[in-house]
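Please read the structure below before turning to the comments.
The values are calculated or read from the model by the stated rules, or taken from the named source; none is laboratory data. Every value quoted in this text rests on a predicted model; they were computed, and no experiment measured them. For neighbour counting, all protein chains shown are included, and Cβ atoms are generated from backbone atoms with ideal geometry for every residue, glycine included. Side chains are part of the model used for accessible areas, which takes the heavy atoms of the whole protein and leaves out ligands, DNA and RNA. Shrake-Rupley method; radii C 1.70, N 1.55, O 1.52, S 1.80 Å.
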Amino acid sequence: MSWIKKIFRVKPKYPATNYWQEYARLFDQPAPRKPLFRAQRMVVLDTETTGLDPTTDKLLSIGAIAIKDQQIFIGDRFEAFFSAGDLYRNQERESVPVHGILQKHSAHRPDNQKILIDLLAYLQDSIIVGHHIAFDFAMLNNAFLLQLGGPLQNQVLDTAHLAKRLTAPLQGQLSPLQAGQYSLDELCKTYHIPVEGRHTASGDAFLTSLLLVKLLGRLERRGVKTLKDLLR
Amino acid sequence: MNVIPDRVYRFLQAYPPFSMLDKAMLEKIAGDTVIKYLQTGEFVFTEGESPQEYIYVVREGAIELLKKDENLLVEVCDEGDLFGLRPLLAKQPYVLSAKAAEECLLYAIKVDDLQELIETQPKVGYYLAQNFAFGISDKYSKLFKGKLFLDKDPALLLQTSLFEIQSVNHSKSPVCCAPTATIQEAARIMQQKHVGSILITDEQLHPIGILTDRDLRNRVVTGEVSRRQPVSDIMTHPVITIQPDCSVAEVQIAMMKNGIHHLCITQDGTPHTPVTGILSEHDLLVLQGNNPAILIREMKRSSSAEELAVIRTKAEGLLQQYLEREVAMDFIATVMTEINDALIIRVIEIALEELTTPLPQIKWSWLGLGSEGRGEQLLRTDQDNALVFEDVPKAELENTRSQFLAFAQKVTYHLNTCGFVYCPGEMMASNPKWCLSLQEWKNQFSDWILTPTNQNIMHCNIFFDFRSLYGEEEFSNQLGEHIFDTIDQKGIFLSLLAKNALQNPPPLTFFRNFMVEKNGEHKDAFNIKSRAMMPLTDAARLLILGHQVTGVNNTFKRFEKLAELEPKHRELFEQAADAYEILIRYRALQGLKNNNSGKFLLMEEMTKMQRLNLRNTFRPINDLQDIIKIRYQVSFFG
């Protein structure tokens, strides 16, 4: 059914800058018919933010590491701290309009833009993975829209979701207590991943990458081989 | 450093050969590592496959190395083990297959990065050659024995020094000789001046080289060089020099950095001015306040068991320093034994003063048993002691005994106060069974030897290691002779003792895991005393009894003596002595850390390096037990 998706997918309009055009080109390439997830580069990432509302809060930092074919490449990582981040932390965020902040600290904008441009080149067309990734992805997407004027179109994979798939046959029926079992801390315990360096973006991204390969290993044993099976 | 490579860095840092690298090198390797995930049954590489660009370290899980179409299990690698080194050695296909025995995470390290290290870091190359190129069967690697505690941060050691910036007193006038002097002449000067090292200088007294006890031991005594050769043939040069106003910290750093034990002091700190002094590691230890001689003097002056307990605790600080600095075990054991002996003697004196009716006017002796008897008690463990008194007419015997028992009760009470707690098995002089006249003791030993039940053999193991600590020393000699005479009458006795010594097999399972306690309070802990030390202690005692040697009680000295007596097995006995030293060291550190007897080790608290080294100490046990089996034909006794 992927051809239907392809036809109906609305292609985002990107500014004419080199980095966006290069990024967009990656998604235009014809994909192999049944891509195996092992053949696909994935970027496991985590962000630190000023709060939990993607519409008002700001990115403070991002840490990311790449995996492919069940291998984590320590040399292929990304880490950045957004320069204006510290300034947002102590302000009454509700009372200051977002654009106001951006204008006020416009001096910092080139720095943050540079980070995002680098990040775009790092992400390529990889699958973005994270624990409860929806939030991080929304934060990132907003940042890209606001600062670089275009959205991300990477596919997204949530490790919490994968963990649930392995242990909870009936999705969407978790009590709050059960939901707690799928926190990163609890899952690290379950999968014997020693927890250190938590609560830095890079530290959490690394833990998540270890969790990811272990979850993928188990899913693979259950017959999940292709990207489609995985992103189901 | 980014937290991600830092995690890899900190893991690798604990394992050889990565533990030998400096920070920048290891950071580079960590930053380049690939973490590989494998499911059970997956292969990393297979026999005959051409070499990959990585070598592997097990981060989690276990890898089986297999040969001949996976039918033959050669080795199981677990956490921290290195495998797949073939690409490093030669561009040849793998000779083994590597298969995940369980879910695994591997650190894959680029061969290119390592290749460079092997060329620039001889230590790394040597380690890999020792441990891999010649197979795992390379036993008893000399280079790494005793280095159990290398993973301690040297910076931490420095911080613990008491007088870090204190200026070093080096008033000692240096002992020197010319480079043309023969080794024998130099050794004679060293002997006359009672020094452990001699400086070789030119005519202006500028230092050229240094010769130490260790060089003499290692190179001359072994026959490698002749004692008629000039000292310049074996001296270490150039000499590391330092200026006269150096601090303890500077000296320590210089010694540590250069891996040496002696520093030469010259007028301006360079080798181009005359020598003014020499400093040894030992001088430094003495400088650092916790001087054993001072502790012993304090003990002699103290007036209560409580005071003694405080001083004995200070001695523990001293012990800790010695252990951390890897001072020779021979020296540590001697010092701690001196301290323990001084304490026991003082306790006995205090108890004597407290007696309202003095002891009978006859000769007697206080005997230390077990580890105290062997002179290898570093920590305060259970007290094991006994008392022997001169033979008295039968009518007076019980009265005499009760007087000594009352006295012994005071002594054991005070020892308990000092931290040597009561023996749960009542192996104490305050027990009427172990407060005997000389004749009674002889009868007792005869009984044990002539009727060697299991219980009696166990008693022999404890009581044979006796040592006179106070009073009439002659009694212990007489008892020793009596034991040998009786053993001669009962030829089968040593065989039974041998059978007992074989009760504790080497403490490894088939997969080279430690045998841990199956149940009880210490479930899953490793009992270092009964599983690793006792087999060695028992073997040493038995073999030395076989040679009718008295007066050598210390287990590692027994092995050294055996090495001398049986040149055929010299290497094995030396290894056993080394192994025992490492074990005793390890137990002491464990005990100090947890403030207990150090008997039980928790596997998860140990680093890979420690586990590896500990595992190496088990190797001689098997060979020793084979010797015992053959020598005493133990198999005949079922």
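Does at least one position in the stretch B:279-297 carry a residue that is modelled with pLDDT of 85 or more, open to solvent by less than 30 Å² (accessible area, probe 1.4 Å) and in a helix (DSSP H, G or I)? Let's see the steps before the verdict.
Going through the stretch B:279-297, the residues modelled with pLDDT of 85 or more turn out to be none.
No, there is no match, as no residue in the stretch B:279-297 is modelled with pLDDT of 85 or more, open to solvent by less than 30 Å² (accessible area, probe 1.4 Å) and in a helix (DSSP H, G or I).
What about B:L415, is it assigned by TED's automatic domain parsing to the domain that holds B:Y470, open to solvent by less than 60 Å² (accessible area, probe 1.4 Å), at pLDDT 90 or above and more than 30 Å from B:L323 (Cβ to Cβ)?
Values: assigned by TED's automatic domain parsing to the domain that holds B:Y470: yes; open to solvent by less than 60 Å² (accessible area, probe 1.4 Å): yes; at pLDDT 90 or above: yes; more than 30 Å from B:L323 (Cβ to Cβ): no.
So B:L415 does not fit the description; no.
Of the residues in the stretch A:57-79, how many are away from chain B (no Cβ under 11 Å) and in a strand (DSSP E or B)? Break it down stepwise before answering.
Narrowing the stretch A:57-79 to residues away from chain B (no Cβ under 11 Å): A:57-62.
From what's left, in a strand (DSSP E or B): A:59-62.
Number of matching residues: 4.
In the stretch A:187-224, which residues are facing another protein chain (nearest Cβ under 10 Å), among the polar types (S, T, N, Q) and surrounded by fewer than 18 Cβ atoms within 10 Å (Cβ to Cβ)?
Once the filter is applied, which keeps residues that are facing another protein chain (nearest Cβ under 10 Å), among the polar types (S, T, N, Q) and surrounded by fewer than 18 Cβ atoms within 10 Å (Cβ to Cβ), the stretch A:187-224 yields only A:T200.
With B:D81, B:D69 as the choices, which residue is under 25 Å from B:D6 (Cβ atoms) and at pLDDT below 85?
Values: B:D69 fails: under 25 Å from B:D6 (Cβ atoms).
Step by step, each of B:D81, B:D69 is checked, and only B:D81 is under 25 Å from B:D6 (Cβ atoms) and at pLDDT below 85.
Among the residues of the stretch B:477-510, which ones are over 28 Å from the mean Cα position of the chain (by Cα) and open to solvent by less than 30 Å² (accessible area, probe 1.4 Å)? Give the derivation first.
In the first step, residues of the stretch B:477-510 are kept if they are over 28 Å from the mean Cα position of the chain (by Cα); the result is B:477-479, B:481-493, B:495-496.
Matches in the stretch B:477-510: B:L479, B:I483, B:F484, B:T486, B:I487, B:F493, B:S495.
Kindly indicate whether any position in the stretch B:13-26 is within 14 Å of another protein chain (Cβ to nearest Cβ) and either part of a helix (DSSP H, G or I) or modelled with pLDDT of 90 or more (or both).
Yes: one or more hits.
Would you confirm whether or not the stretch B:63-72 contains a residue that is under 13 Å from B:A98 (Cα atoms), open to solvent by 60 Å² or more (accessible area, probe 1.4 Å), touching a residue at least 24 places away in the same chain (Cβ under 8 Å) and more than 14 Å from chain A (Cβ to nearest Cβ)?
Step one: of the stretch B:63-72, the residues under 13 Å from B:A98 (Cα atoms) are B:63-72.
Remaining after also requiring open to solvent by 60 Å² or more (accessible area, probe 1.4 Å): B:67-72.
In the following step, the residues that additionally are touching a residue at least 24 places away in the same chain (Cβ under 8 Å) were identified as B:67, B:70.
Subsequent filtering for residues that are more than 14 Å from chain A (Cβ to nearest Cβ) retains B:67, B:70.
Yes, the conditions are met somewhere in the stretch B:63-72.
Look through the stretch B:615-637, keep the residues that are assigned to a helix (DSSP H, G or I), farther than 26 Å from B:V58 by Cβ and among the polar types (S, T, N, Q), and return whichever of them is modelled with the highest pLDDT.
B:Q625
Could you grab the pairs with beta carbons closer than 9 Å, sequence gap of 6+ or different chains, first residue in the stretch B:311-329 and among the hydrophobic types (A, V, I, L, M, F, W, C), second one open to solvent by 50 Å² or more (accessible area, probe 1.4 Å)?
What qualifies is B:I311/B:E298; B:V327/B:E281; B:V327/B:H282.
Please state which of the following conditions B:I630 fails to meet, knowing it meets all the rest: (1) of a type in the set (V, I, T); (2) under 11 Å from the mean Cα position of the chain (by Cα); (3) open to solvent by 30 Å² or more (accessible area, probe 1.4 Å).
Unmet for B:I630, out of (1) of a type in the set (V, I, T); (2) under 11 Å from the mean Cα position of the chain (by Cα); (3) open to solvent by 30 Å² or more (accessible area, probe 1.4 Å): (2).
Which of the residues belonging to the stretch B:49-60 are of a type outside the set (S, T, Y) and more than 8 Å from chain A (Cβ to nearest Cβ)?
Of all residues in the stretch B:49-60, those of a type outside the set (S, T, Y) come to B:49, B:51-53, B:55, B:57-60.
Within the stretch B:49-60, B:E49, B:P51, B:Q52, B:E53, B:I55, B:V57, B:V58, B:R59 qualify.
Given the conditions (1) at pLDDT 85 or above; (2) open to solvent by 20 Å² or more (accessible area, probe 1.4 Å); (3) among the hydroxyl-bearing types (S, T, Y), report the number of the one that B:T276 does not fulfil.
Unmet for B:T276, out of (1) at pLDDT 85 or above; (2) open to solvent by 20 Å² or more (accessible area, probe 1.4 Å); (3) among the hydroxyl-bearing types (S, T, Y): (1).
Any idea which of (1) within 14 Å of another protein chain (Cβ to nearest Cβ); (2) open to solvent by 50 Å² or more (accessible area, probe 1.4 Å); (3) closer than 21 Å to A:G75 by Cβ; (4) at pLDDT below 90 is the one B:E116 doesn't satisfy?
(1) is the only condition that B:E116 fails.
Answer with yes or no whether B:G480 is small (G, A, S), touching a strand residue (DSSP E or B) at 6+ places or on another chain (Cβ under 7 Å) and touching a residue at least 60 places away in the same chain (Cβ under 8 Å). Please lay out each step first, then the result.
Numbers: small (G, A, S): yes; touching a strand residue (DSSP E or B) at 6+ places or on another chain (Cβ under 7 Å): no; touching a residue at least 60 places away in the same chain (Cβ under 8 Å): yes.
Answer is no for this residue.
Looking at the stretch B:215-236, can you tell me whether even one residue there is open to solvent by less than 20 Å² (accessible area, probe 1.4 Å), within 30 Å of B:E564 (Cα to Cα) and modelled with pLDDT under 80?
Within the stretch B:215-236 (the criterion being open to solvent by less than 20 Å² (accessible area, probe 1.4 Å), within 30 Å of B:E564 (Cα to Cα) and modelled with pLDDT under 80), the answer is yes, since at least one residue qualifies.
Name the residues in the stretch B:27-48 that are of a type in the set (S, T, Y) and more than 8 Å from chain A (Cβ to nearest Cβ), would you?
Taking the stretch B:27-48 and keeping what is of a type in the set (S, T, Y), we get B:33, B:37, B:40, B:46.
Hits for the stretch B:27-48 are B:T40, B:T46.
Among the helices (runs of 4 or more DSSP H) contained in the stretch A:179-232, which hold 3 or more residues that are closer than 18 Å to A:I67 by Cα?
Numbers: elements: A:184-190, A:201-221, A:227-231.
Because the criterion is at least 3 residues that are closer than 18 Å to A:I67 by Cα, the helices (runs of 4 or more DSSP H) in the stretch A:179-232 that meet it are A:201-221, A:227-231.
Quick one: would you say B:L436 is in a strand (DSSP E or B), surrounded by fewer than 21 Cβ atoms within 10 Å (Cβ to Cβ), out of contact with any Cys (no Cβ under 8 Å at 6 or more places or on another chain) and among the hydrophobic types (A, V, I, L, M, F, W, C)?
Taking the combined requirement at face value, the residue satisfies it.
Looking at the stretch B:588-614, I want the residues that are part of a helix (DSSP H, G or I) and have a partner that is among the hydroxyl-bearing types (S, T, Y) and open to solvent by less than 30 Å² (accessible area, probe 1.4 Å) with Cβ atoms under 6 Å, at least 6 apart or on another chain. Which pairs are those?
B:K608/B:Y15
Scan the helices (runs of 4 or more DSSP H) fully inside the stretch B:301-411 and keep the ones with 1 or more residues being open to solvent by 40 Å² or more (accessible area, probe 1.4 Å).
The helices (runs of 4 or more DSSP H) meeting that bar are B:305-324, B:329-354.
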